[in-house]
Each structure stands twice: as structure tokens, then as C-alpha cells.
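Worksheet for the structure shown next.
The values are calculated or read from the model by the stated rules, or taken from the named source; none is laboratory data. Note that the structure is a prediction, hence the values are computed from the model and not measured. Virtual Cβ from ideal backbone geometry, glycine too; neighbours counted across all protein chains shown.
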Amino acid sequence: MRSLVVETLREADVEVVATAADGHEAVAAVADHDPDVVTMDVEMPRMDGVTATAQIVRETPTPVLLVSAHTTEGAEVTLEGLSKGAADFTPKPDPDRGGVGAFRRELTEKVPAVASVDATSLVPSETATPTPATRAPAQRSYVADPVLVVGASTGGPAVVERLFADLPRAADLRVLVVQHMPDGFTARFAERLDAAGPYDVSEAGDGDRIGGGEALVAPGGSHLAVRRNAGGRLRVALDDGPRVNNVRPAVDVTMASAARRVEDPLVGVVLTGMGGDGTDGLRAMKRAGARTLAQDEATAAVFGMPRRAIGAGVVDRVVPADGVAGAVAAAVTSGGGD
């Protein structure tokens, strides 16, 4: 794998300044060479990739791209690596995903993109406990049957986990999450969100329904759309049609369907990520009367998606990562929020 990565990057005119056989060597190489980006296997002898990533982002903040096995165990370790500060990941060659050719294409696309990430924004906070600024007031009264749609890409998993840790259960939101992530990883991501806070979270299936206090994560490889909204419950549909904004699932698809189908109070949030996915979706939601939020530049690993939405004039409020839950709570407070 190391030889394949080196060969692929050099053919793409990326200078490989050093290689490492394990996590210890990787940490030392980063300190010695100050690279723009690190590709990191998650399974290595002596020190694994998750431990090495945590040490690198803490001591010499550098964007890390994990290279992960496309297995259940690989998904678990990969998501742990993202929570420790890795910027993004790419699965190892898998015949079902196009084999070595697909891996090489994705690697050459992601390495330059990850190199542009603000690594300091990925350093995990010491605690995930909600702060007074993000915790909703105990006596707050919420509107009935609110719906929240969240979109994120690079740098998003840790921010979405923080959102679910801080999101007030009393708001009784129905939540849809679109995180750019390949199939095989979104089910485990949903499990992590389920464990992060009081909301019941699962990977979406075609025809699934959710009520208040429940959330669905768009599965990798499928668009997620709201099919029906009745009696306080959302029904969703999955679609493996063409990519939108070169991704599937796409934030725009889910947000636009929510704008069409949901007459209850709506909130749309675009978090860190590359490109412009989410801008058209927020525009549709705003036209439908939704409150729209975007993550601020200071806390976004990649300000691409929020920047595009803000520049298009479709964002009502810009907030830091640790303020997203509080802003959502304010948006669904009876009588309006701050």
C-alpha cells in the first residue's frame, strides 16, 4: 500500500518528502519534514494510525488523510481517527468500488484538497460537554414538530457528533443528516451519533419513518429525500440516481425535498466541507420559510460549503462549531430565538 500511494502521488506531480512504516516513524517524519499533508494507514505495527494522527494534530498540526480498509472494523477505526483530528479518509482498493484505479483517482483528488485544510481547526477540544453558550435554557419552550436538515463534508464528522451531543432533546426535532461519506461507513457513523447524545439515530433505509427525537443519516451511495410528512412523522426515500454536485448523497437533494414536503418549522445547516453542495438546498429551504445556518470560517476545517452559501445570501446566521446546537435551539423556540 505504501508503494502504491507513493507511486500514485508522484505520477500526479505531488512531492513525497518521506515515508514511514509505522506511527512512531510517521510522527517523527512530520516533525522533521513539515509536510503539507500526511497519508496515514490506520492499521500499523507499534503505533496505529489513530494514535499517530492524534499526536500529530496535537503537536505539529498537519492535515491527515486516513487510508482505511473497507470493512466494518475499518469504518470504526476510521471514524475514531476522524474524531481525533484527521481531515478526511479514502478507502483502500476494493473491487466493489472500482479497485486500484478508483483508489488512485480518489487519492490524487483528495491529497491536494486535504492539504488546504486548516489543521488547527481539527484539533479535538478537551471536552464534549456542552458549554453555557451552547446549552439550551432549561425552561425554553419549543415549536411543534420541527425538522432539521444538516449537511457536511470534509471535517464534518466531528462537528456533527458535537451537534448531536449538544442538541436539546426537549426540542423534539426530526433530523436528517447528509455527510459526504462512502457506503460502508455511514452505518457506523450513525451509531456514533446515536451514542453521542439523546437522539435516536440510524442509517436511513428506503421508506423509513422518523418522529420527534429521531434522526436518519443518508447512506453512502444514495440520495436521501423526504417523501412525505404527516402526523408528526417524516417518511424518506432513497435514490441511487446521478450524482449531484459530483456527490451522492448530496445535501442539495435532501434539503430541496424537505423544502417541498415539510410544512412544519424547518431549519437547515451547512457545515465544513469542500465545494458548493448545500447552497441550492438552503436557498430552497429559505424560500420555504426555513431558518438557515452556516458554520463560521474560524472553526471550519474547509470553509468551501459555508462560504458558497453565505456568499449566495441564503444564510440567516453564521455560527462557530460549538454554537450550532444553540443556534438550532433558538431557531425552533416558540416566539423566535436570538
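Taking the range 143-188 as the range and being over 23 Å from residue 240 (Cβ atoms), under 8 Å from the mean Cα position of the chain (by Cα) and of a type in the set (Gly, Ala, Ser) as the test, the residues that pass are 155, 158.
Of everything in the range 106-131 that is more than 18 Å from the chain's Cα centre (by Cα) and part of a loop (DSSP other than H, G, I, E, B), the residue that is modelled with the highest pLDDT is 126. Here the condition is being at pLDDT 95 or above, in the same structural domain as residue 159 (by TED's automatic domain parsing) and assigned to a loop (DSSP other than H, G, I, E, B); of 276, 241, it holds for 276 alone.
Test residue 141 against the stated conditions and say whether it is at pLDDT below 95, exposed (fewer than 15 other Cβ atoms within 10 Å of the Cβ) and under 27 Å from residue 261 (Cβ atoms). Spelling it out, residue 141 is indeed at pLDDT below 95, exposed (fewer than 15 other Cβ atoms within 10 Å of the Cβ) and under 27 Å from residue 261 (Cβ atoms).
For the range 31-59, taking the residues that are part of a loop (DSSP other than H, G, I, E, B) and modelled with pLDDT under 95, the one that is surrounded by the most Cβ atoms within 10 Å (Cβ to Cβ) is identified as 42.
The set of residues from the range 89-105 being part of a helix (DSSP H, G or I), buried (at least 17 other Cβ atoms within 10 Å of the Cβ) and hydrophobic (A, V, I, L, M, F, W, C) comprises just one member, 103.
Those residues that are of a type outside the set (A, V, I, L, M, F, W, C) and either in a helix (DSSP H, G or I) or within 19 Å of residue 114 (Cα to Cα) (or both), I need them from the range 19-30; list them, please. Lay out the reasoning, then the answer.
Going through the range 19-30, the residues of a type outside the set (A, V, I, L, M, F, W, C) turn out to be 19, 22-25.
Across the range 19-30, the qualifying residues are 19, 23, 24, 25.
Out of 289, 313, 304, 273, I need the residue that is of a type in the set (Gly, Ala, Ser) and surrounded by 24 or more Cβ atoms within 10 Å (Cβ to Cβ). Which one? Criteria check complete, one pass: 273. For the range 279-299, a residue qualifies if it is within 17 Å of the chain's Cα centre (by Cα), more than 20 Å from residue 244 (Cβ to Cβ) and not in a loop (DSSP other than H, G, I, E, B), and the qualifying residues are 293, 295. Please determine whether any residue of the range 176-189 is farther than 17 Å from residue 294 by Cβ, in a helix (DSSP H, G or I) and touching a Gly at 6+ places or on another chain (Cβ under 8 Å). For the range 176-189, residues farther than 17 Å from residue 294 by Cβ, in a helix (DSSP H, G or I) and touching a Gly at 6+ places or on another chain (Cβ under 8 Å): present. Residues of the range 73-88 that are modelled with pLDDT of 90 or more, in a helix (DSSP H, G or I) and of a type in the set (Gly, Ala, Ser): 81, 83. Among the candidates 258, 204, the residue that is buried (at least 24 other Cβ atoms within 10 Å of the Cβ) and farther than 22 Å from residue 294 by Cβ is uniquely 204. A search for C-beta distances below 7 Å between a residue of the range 43-66 that is farther than 13 Å from residue 79 by Cα and any residue that is of a type in the set (S, T, N, Q) and not in a helix (DSSP H, G or I), counting only pairs 6+ apart in sequence or on different chains, returns 56/62. Residue 163 passes all but one of (1) assigned to a helix (DSSP H, G or I); (2) under 22 Å from residue 73 (Cα atoms); (3) in contact (Cβ under 8 Å) with a residue 12 or more places away in the chain; (4) hydrophobic (A, V, I, L, M, F, W, C); which number fails? Every condition holds for residue 163 apart from (2). When 324, 302 are screened for being among the aliphatic types (A, V, I, L, M) and either outside the structural domain of residue 225 (by TED's automatic domain parsing) or part of a loop (DSSP other than H, G, I, E, B) (or both), only 302 passes. Take the residues of the range 183-200 that are out of contact with any Phe, Trp or Tyr (no Cβ under 6 Å at 6 or more places or on another chain) and among the aliphatic types (A, V, I, L, M): which is nearest to residue 219 (Cα to Cα)? This residue is 187.
In the set (1) in contact (Cβ under 8 Å) with a residue 40 or more places away in the chain; (2) surrounded by 21 or more Cβ atoms within 10 Å (Cβ to Cβ), the condition left unmet by residue 279 is number (1).
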